[in-house]
Amino acid sequence: MRLLERDKDGEITLTRDLFGDNVPKYAILSHTWGDDTEEVSFKDLMDGTGRHKPGYDKIRFCGEQAHRDGLQFFWVDTCCIDKSNSTELYEAINSMFRWYRQSIKCYVYLRDVSRMTDQYPWKEAFRASRWFTRGWTLQELIAPPTVEFFSKEGMNLGNKKSLESKIRKITGIPVEAFRGSNLSEFGIQERMSWIEKRETTREEDKAYSLLGLFDVFMPLIYGEGRNNAFKRLREEIDKSFPGHSLSAPPQWPTTHLKSNLPIKQKGKPLRKYRHERLANARRSLLLLKIFSSSPENPQVECELVLSDFNEKPRPAAEKYDVLSWYRGAAKPSAYISIRRGQKIYAMYLQPDLVRALHTLRNPRRDRYLWIDKICIDQENDLEKNYQIEMMADIYDRAEHVCVWLGEADSSSKTAMAFMKTEILQFKAFDDLCNTRKAGEKWSALCDFMQRPWFTKRWMIQEIALAQKGLLYCGDERIAWSEFAVAIEYLGEIEKATHRLYEVSDARDSQIPRLFEHVSALGASLLVDAIGKVIHDCNSDTAISKDSDSDTESNHSSESEFEADGIGSGKDHETHATSESDSGSDNEAIENPDNPSTEAQINNIVLDPLKPTSDSIEINGTRQPLLSLEYLVSSLSVFEMTSDHDVIYSVIAIAKDASPVARDGKFELALERSHPTLEARLPNQQYKVEYQKPFVDVAGNFVSFCIKRSTLIDKTRALDIICRPWAPDQVSGNRSLAKKSKGTESDLVYTQHDFPLPSWMTRASGASHSIWMHPGTSILKMGRKNADSLVGLPGSTPQKYSAAGTKAVDMKTLRFRNRPNLGHYSLFVKGFELDTITEIHSQAQGGAIPSQWVKAAGWHKAPNTAPPNAFWRTLVANRGLDGGNPPAYYSRACQNTFLKGGLMSGSVNTFDLIKNERCSVVAQFCRRVQEVIWNKMLVKT
């Protein structure tokens, strides 16, 4: 290879050809080519004619940056290769990957990214940079040990480690690939996929640019076309990787399996794993047994172990953890190996879930996990019904709920350390709020709180039922209890002082109003929701029988070790993890290699659903607080995977409903004790019926709510039809069309594309949602509609009810489903309230339209007091607390119209809250927003 040399005077010259040990340390440039007339060629340098070309600026930049890094030599592809020499070009392209890998520094020059601004736009330009779309830059990202990114002004933007999360999102390439991991850890098809969306000037280069990624060599034949180039590339790959297929998962070594059973599929693609029907789904549970292996093994090999509720404990049913994760929209393009008998099968999963299993795998012991995606046959609705029935037990008896938030990056590591070492330690909190140095930490924490897992509805139930929760971000972890404390503390500080908002607004112009709504971020909403649903009467003490016995002690140690068994390659068996540990390994346990300890550990066997002398008693210590109607009505901001889950995802934590699977022989009462549900009202079994279309499930829910409400207050029984809760787009909106003689399995469902009835109020009408707000780069909750006038179930003081003071007539109430006619009806005895005579414009964004003033008869607004009926209508005749409106609301209303921009066509309540600096007016405007947002004014 030839190199460029920069002397002490800044002059740049070409070296002679260098070979082997004669090659000095050098830097290397990565860039995107301009027109051939712009770039400096080998001939230009030899002739001394390239200094005035635009491309010479990149060469000069690379030389100066290398000099600053103490390097005299550097390499640039445009001018260090004589492309007129086909032999030299062939050798260079086949050596390119190695040259980049052996470089000391790789400088990425981004000609389409500018840093000459104090704001964030460079990051948007970075994401959209042409460099990420070119074929040759793929190996230039992956091969070098150090890659630094620079703007067109030569300003450093960061390196591939500090920017790895952004690079992963842009490219879709796992961070391990550009962290320097052996590329053999990634499947052939996966590596092929990295080039799919990239382009090259010469069509053959799309194949040639992959030579280094597969460590193969082949002649270059420009003009052969893309298809022929890829055909030859596949042939070379087949020679190097015999038995591998580009359309099937590769066969990784299986020498670490604890068995000498022959692997019959050797050299052939693995067959797709399919669940077998459980003989007794109501009493059976599958656990995923992950075989121990070193972190260097990229393949996760497992076995699904059956645990029967009725049988005595078996050796396979050891203590287990539950894995909670975010599914997202990713397709199941990765896979794990599942052993069944003497055969190995491939189970295809989302790549992020496979990475979670790889991370949580223990390097020295097999580990047991329950994961809904894997341990439940997702195509078997009846099995899903039974698992929902057992959900509370599954989570109660798990040692830990391990939450996988995704891959770690520099931002998440900063956030984790910030919470553990500063926020939770209450170290100089005022300084943290008043120093510019803390800005990066606050920003990292804000990003952490927006991880997608925090927005899913299922997560509320999973954490609420957990004995102990652990949040994992890659290898980093923190106990849920400590995370919740940190988030609640931030929320309280923000509410009390607004210091974070003031500091970020005044001192950190890059993040305007970043912390104005700490409590509106996904993590805060989840922590707040979980704190409301379960009351832990004895959270400091786990009541356990025989807690003084040696066996109990060893059980605890083994359990704690399992939670710590992440695949980082460290010997985690010498440390224990407690809930307050937050990832620090401080508490030593007995040596597991000690024979006596080993024998005791091997004897730890229990059925995870069967009470034993070791099981924790939670009866009387953890009680659900909220009704099913309240939970479904109040959690609309959280996402769900399927329509049915709007109800089923929270049923296990409802105080008035216990899930019971529905099959052909529906059993009204359970034969077994349900410790989590013993504190609930009796005889409130709720049927779980995934096999039914959602419109029927939703109808059953409304019926349940109405019947339950009549036991408390008949005037509020119909409130459910006024609360937004139902999904907006119902998938597979079928309805029961015919029932023949026989069991539930004989029911016939047909497809009917009709919308949900109007008495199932859509969640799109909910008051709040989570979206990206202007002026920020964060997802947070914001208002999108007015509040429901009926409030939430049990809210005090009571606001309004759907039927006023009238009690619902249960004798006339009935439901009628007519799928063939395309509608589902609710019949109830009602009354005529009044007749609407006028409808006026909508209050968009909470602004009060000026037309409303005229409609209200306020002729001299805003110079006179508003009509009593008008201002009371604006606040629904209630104060912020739901009680009678304060007397000063009349004056506040006049002031609102006086300073709110009435002459512009509407009164801007948002600007009044933000800028008026009058708490009375702000309180009035907030209440107005609760009532009128996106509503129209009517006169009767």
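Points worth noting:
- Among the residues listed as Ile706, Ile721, the single one being assigned to a helix (DSSP H, G or I) and either at pLDDT below 75 or out of contact with any Ser or Thr (no Cβ under 9 Å at 6 or more places or on another chain) (or both): Ile706
- Of everything listed in (1) in contact with a helix residue (DSSP H, G or I) (Cβ under 9 Å, 6 or more places away or on another chain); (2) open to solvent by 30 Å² or more (accessible area, probe 1.4 Å); (3) not in a helix (DSSP H, G or I), the single unmet condition for Ala887 is (1).
- Hits in region 356-383 (condition: farther than 20 Å from Lys272 by Cα, open to solvent by 40 Å² or more (accessible area, probe 1.4 Å) and of a type outside the set (A, V, I, L, M)): Arg364, Asp381
- Residue in region 755-764 that is modelled with pLDDT under 85, over 24 Å from Gln842 (Cβ atoms) and either touching a strand residue (DSSP E or B) at 6+ places or on another chain (Cβ under 7 Å) or not β-branched (Val, Ile, Thr) (or both) present: no
- Residues that are farther than 19 Å from Arg111 by Cβ and outside any loop (DSSP other than H, G, I, E, B), drawn from region 148-167: Glu164, Ser165
- Output for region 100-115, where each listed residue is open to solvent by less than 10 Å² (accessible area, probe 1.4 Å), assigned to a loop (DSSP other than H, G, I, E, B) and not polar (S, T, N, Q): Leu110, Val113
- Some residue of region 731-740 being farther than 18 Å from Ala876 by Cβ and at pLDDT 80 or above: no
- Counting only strands (runs of 3 or more DSSP E) that sit completely within region 1-99, those holding 1 or more residues that are of a type in the set (Gly, Ala, Ser) and surrounded by 15 or more Cβ atoms within 10 Å (Cβ to Cβ) correspond to 26-30.
- Within region 805-830, the residues that satisfy the criterion of being open to solvent by 40 Å² or more (accessible area, probe 1.4 Å) and part of a loop (DSSP other than H, G, I, E, B) are Thr805, Lys806, Ala807, Asp809, Met810, Lys811, Thr812, Asn820, Leu821, Val828, Lys829, Gly830.
- Test: Pro219 is open to solvent by 20 Å² or more (accessible area, probe 1.4 Å) and over 21 Å from Ser103 (Cα atoms): yes
- Leu382 being closer than 27 Å to Tyr648 by Cα, modelled with pLDDT under 90 and touching a helix residue (DSSP H, G or I) at 6+ places or on another chain (Cβ under 9 Å): yes
- With respect to the conditions (1) surrounded by fewer than 23 Cβ atoms within 10 Å (Cβ to Cβ); (2) under 27 Å from Ser642 (Cβ atoms), Trp404 falls short on a single one, namely (1).
- Region 8-24 residues that are under 16 Å from Asp82 (Cβ atoms), paired with ones that are of a type outside the set (D, E, K, R) and surrounded by 10 or more Cβ atoms within 10 Å (Cβ to Cβ) (beta carbon under 6 Å, 6 or more apart): Leu14/Leu45; Thr15/Leu3; Leu18/Met1
- Scanning region 903-917 for residues that are open to solvent by less than 50 Å² (accessible area, probe 1.4 Å) and either more than 14 Å from Ile932 (Cβ to Cβ) or part of a helix (DSSP H, G or I) (or both) gives Gly905, Thr909, Leu912, Ile913, Glu916.
- Among the residues of region 183-192, not a single one is under 29 Å from Lys25 (Cβ atoms), in contact with a helix residue (DSSP H, G or I) (Cβ under 7 Å, 6 or more places away or on another chain) and modelled with pLDDT of 90 or more.
- Taken as a whole, the condition of being within 27 Å of Ile706 (Cα to Cα), under 36 Å from the mean Cα position of the chain (by Cα) and surrounded by 14 or more Cβ atoms within 10 Å (Cβ to Cβ) applies to Gly791.
- Tally of residues being open to solvent by 20 Å² or more (accessible area, probe 1.4 Å) and more than 16 Å from Thr909 (Cβ to Cβ) across region 854-863: 6
- Reported count of residues in region 142-189, each being within 22 Å of Arg130 (Cβ to Cβ) and among the small types (Gly, Ala, Ser), is 8.
- Residues located in region 831-853, provided they are open to solvent by 60 Å² or more (accessible area, probe 1.4 Å) and either out of contact with any strand residue (DSSP E or B) (no Cβ under 9 Å at 6 or more places or on another chain) or part of a strand (DSSP E or B) (or both): Phe831, Glu832, Leu833, Asp834, Thr835, Glu838, Ile839, Gln842
- Among residues of region 170-192 being part of a helix (DSSP H, G or I) and among the hydrophobic types (A, V, I, L, M, F, W, C), the one that is farthest from Ser240 (Cα to Cα) is Ile170.
The values are calculated or read from the model by the stated rules, or taken from the named source; none is laboratory data. Remember, it's a predicted structure, so these values are computed and weren't measured experimentally. Neighbour counts run over all protein chains shown; Cβ positions are idealised from the backbone, glycine included. Protein only, heavy atoms only, side chains kept; ligands, DNA and RNA dropped before computing areas. Shrake-Rupley method; radii C 1.70, N 1.55, O 1.52, S 1.80 Å.
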